[in-house]
1. Add +1 for every Lys or Arg and -1 for every Asp or Glu among the other residues with Cβ under 12 Å from the Cβ of PHE187, and state the total.
2. Near LEU311, within a Cβ-to-Cβ distance under 12 Å, what is the net charge of the other residues, with Lys and Arg +1 and Asp and Glu -1?
3. State whether segment 703-762 is rounded, prolate or oblate according to the following rule on the C-alpha gyration tensor (a ≥ b ≥ c being the square roots of its eigenvalues): a/c under 1.5 gives rounded; otherwise a/b larger than b/c gives prolate, and the remaining case gives oblate.
4. Tell me the carbon and sulfur percent of the accessible area for the chain, rounded to whole percent, probe radius 1.4 Å.
5. Considering all projection directions equally, how large on average is the shadow of the alpha-carbon convex hull of the chain, in square nanometres?
6. Quick one: which residues, 5+ away or cross-chain, put their amide H under 5 Å from the amide H of THR104? H built at 1.01 Å from N.
7. Would you report the distance distribution of C-alpha pairs in segment 555-694 as whole percents per 5 angstrom bin, up to the bin with the largest distance?
8. I need to check one value: relative contact order of segment 627-762, counting alpha carbon pairs closer than 8 Å and at least 6 residues apart, in percent.
Amino acid sequence: MATFVLLLLCAAAFLTLGMRRAPMWAWALASAALLYLWQSGLLHGDAPSSGLLSWVAWLPVAALAALAVPSLRRQFVVAPAFAMVQKILPKVSDTEAQALDAGTVGFDAELFSGTPDWAKLQAIPPIQLTAEERAFLDGPTEELCKLINDWQIRHTNREIPEAVWDFAKTHGFLGMLISKDHGGLGFSAQAQSLILGKVASRSPDVVTIVMVPNSLGPGELIEKYGTDEQKHHYLPRLAKGLEVPCFSLTGPTSGSDAATMRDIGYVEKGMHEGRETLGIRLSWDKRYITLGPNATLVGLAFQLFDKDNILGKGEEVGITLALIPAAHPGVNIGRRHLPSGAAFPNGPNWGNDVFIPMDWVIGGEKMAGAGWRMLMECLSAGRAISLPSSATAGAKTMLRVTSAYARIRKQFGLPVSRMEGIEEPLVRIIETAYVNEAARGMTASMVSRGEKPSVISALMKYQTTEKMRRAVNDAMDIHGGRAICDGPSNYLQSAYQMVPVGITVEGANILTRTLITFAQGALRSHPYLYAEVQSAQNPDKTRGLADFEKAFGGHIAFSLSNATGAFFHNVTGGALASSPDNVQRMSVWYRQLARASRSFAFVADLTVALLGGGLKTKQKITGRMADALSELYMLSAVLKRYEDDGRPQGDHNIVELAAQNALYRFQEAMSGTIDNFPAVWARPLMRAVVFPLGRRFKPASDALGKTVARHVLEPGAVRDRLTRDIFISKDVNDPTGLLEVTLDKVIAAEPVEKKLEKAIRDGIVRRYHGIDWFADAVARNVLTSAEADQLREVERLVAKVIAVDHFDPAELKPNYAALGHNARGNETLAAE
């Protein structure tokens, strides 16, 4: 027994050394103590050991002690490791380095560390708006939503009406991110996110014309990098909508790989406004440019060359950004694309041998060649706002309308919401609405305080849009035939149409998941890895070795800490993991999140170390690791939202469900990584550390899902909180307003309806077409006249809710010739 206790104490001591990142001398001392105890017989009760083998056993201990000496460690460990790292770690290109350096590190670094600092999570501000921002959200934004006729926009005209454009311009929607000094609204990222979300909940088409000017484009680029002259001239015009901007980045051969664009400019002198001017001669071909067909100001990205080195930056200057008026000679604004049949303006533009003056470069001559950095810095923040806001609003809208419809619609004599087959997808929508909003709000708060979270923005983009895709599909399934029949009363089709657009733009989700989130995140958010890569690529070998030694030592301690910490917390079920104070019943989820973070950090470290430069080609592995990181981040946001909202009654069940499902999905992503890890010998090690007792996390139970579903099936605080800050109509002439009014009346009429249903079951009243069963019920004293009138109104409203649109066949035949259109294909366009 004593021997067993001593062995346990020794194991605890070594786990503690690892978790505490003990220095080398401490490991040497502990190893010496353990060896002494073993050789003296105290650990096994036998006679003390002696002989040659006893002395040989001390050699590893002596080696550890020697490595505690810096000069010996540098010669025998660090220098060889430095040489090996130079061979195996991924080479970081200039464009990748600019992308990595462009953003900031946020709470993602805490998750990569394996030991998240909960104080940093709690320090992120809750959702806050100024009085002016709140008034704008409740005033002009609400008015804009009321102006929108979705069917007219996306079907009848396939065009954003001038009245909507004019309202957006007049009220400053196109200049929300432009500072007040330059005529804009100067709203915070949080306010922009909520405003975009509210408009998106009404029309995915209309939100696009507001989103683009407030995202990556001329306004933001001029505000941050423009010359004083550019700021004074363009920003007030952009803020007032006197200029409609677009930004031209994507081309036929450079989609996701935008850095390989073939669009080109040469520095030379040419004629501009009647005089010789230093400028650039451009040729480009761009496509998929949102707002392009309506643009008056074209932002353009291109590769700049200066064969005579006039700018003093060498022949290959690099990616450069310029502003070109759409009316400038040689600029061709093409016809419209039709992305998923949507109505927002999107199309190609091109030019050949177009001369522009040098002062049209954003930021002027000094910013020539800095375009990629400028783009990445803006994208790091912008990608965290635009699409996550619309995806989150989309999920909340799906929840609002679907919960109402499922409560109103009856089959087999009861609301379909009471059927478990319907309850399952409904609960998924609830979870998505809560989780997306939690992550959206937290991320927007980070951006509002000046952060540019590049890794977080990438995972937010792909996660929120993927979750919205599932929510829209679930909503369609629950509505059934009501959803697939399009028309003025269909409130789901616009979202269904636009889902693929959100999935594709600002970095297609496949790319964002497999190449950006983890592959770049491991470099950017890891506490030591990027420093090691930079030192390995340092042309000054002496300085590089010195920098590497510092990072490498920390990395070794970090790796041991996460290996021992992950094993310990997985064996103990996270019972001793960290948790903030005063979080009451949620402390268990903070501890499980800390436990999962340890496992993630351990596997992430081994993944980068063992795959090295091959990391980018193992995209199934990096995709799963991106999923795992995403689940940790989204769960962090969920726990924070619950606290920020004041721990409201009813929400704790939603948090429990979201936490259980997130940890289960995290576990499955980690399991998939380990089971398919390219280095087969590393799989047992990973599995022993991450799953020493097997895969213990389970998805939320059916019973918990049933409890959660009940919260949204009638009006109340929980339903309103889950769908806050979207457009909600109470107008019965609006399809979604009809749902809201009908839901209230259906619930109010339930006691009366039960009396009628009983009478029908008992054969007292018959309910068939051609019979006034309400009058019959009054005549037979089942209902009073007032009750019959109440049910008649409910019957009329429900009939409108479940009705689908139908058309004269002639209405559905497009008459392109009469409208002056031409449906020519690619061959005709190419010939032009």
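The values are calculated or read from the model by the stated rules, or taken from the named source; none is laboratory data. Given the structure is predicted, the values throughout are model-derived calculations rather than measurements. Here the Cβ is made from the backbone with ideal geometry for all residues, glycine too, and neighbour counts use every protein chain on show. To get the accessible areas, we keep the full protein, side chains included, count just its heavy atoms, and leave off ligands, DNA and RNA. Shrake-Rupley method; radii C 1.70, N 1.55, O 1.52, S 1.80 Å.
1. Numbers: positive: ARG134, LYS180; negative: GLU132, GLU133.
So the surrounding residues net to 0.
2. Values: positive: LYS307, LYS313, LYS366; negative: GLU268, ASP306, ASP308, GLU315, GLU316, GLU365.
Net local charge, LEU311 excluded: -3.
3. Numbers: a/c = 3.33, a/b = 1.35, b/c = 2.46.
Oblate, because a/c is 1.5 or more while a/b does not exceed b/c.
4. Answer for the chain is 56 percent, counting heavy atoms of protein chains only.
5. Working: hull surface 180.7 nm².
Seen from a random direction, the Cα hull of the chain projects 45.2 nm² on average.
6. Amide H neighbours of THR104, under 5 Å, 5+ apart: LYS452, SER454.
7. The distribution over segment 555-694 is 2, 10, 19, 21, 19, 13, 8, 5, 2, 1, given as percents.
8. Values: 83 pairs, mean separation 26.8, N = 136.
20 percent.
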